[in-house]
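Everything on this sheet refers to the single structure shown next.
The values are calculated or read from the model by the stated rules, or taken from the named source; none is laboratory data. What you are looking at is a predicted structure, and each value in this text was computed from that prediction instead of being measured. Quick reminder, even Gly has a Cβ in these numbers, built from the backbone with ideal geometry, and neighbours come from all protein chains shown.
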Amino acid sequence: MNSRQDKATIITTNLPSTKLKHMYDGKVMSRMMRGVKSIVFKESIDKRPLEVGF
């Protein structure tokens, strides 16, 4: 029995789908994009420090 069946997989990326298509095989992309729900943060403020310091 597949314990992952019918469970969500969360994928986060900064890459656009055009670049993902170049990185992954068509079969993999088809599985990743099946039933996808996107959340796009367009006007959020970047709170990361400007200099990392390492």
(message) Restricting to the stretch 1-23, name every residue that is modelled with pLDDT of 80 or more and more than 19 Å from K37 (Cα to Cα).
(response) H22, M23
(message) Please verify whether G53 is of a type outside the set (D, E), at pLDDT 80 or above and at positive phi, treating the condition exactly as stated.
(response) no
(request) Answer yes or no as to whether L15 is part of a loop (DSSP other than H, G, I, E, B) and surrounded by 10 or more Cβ atoms within 10 Å (Cβ to Cβ). (result) yes
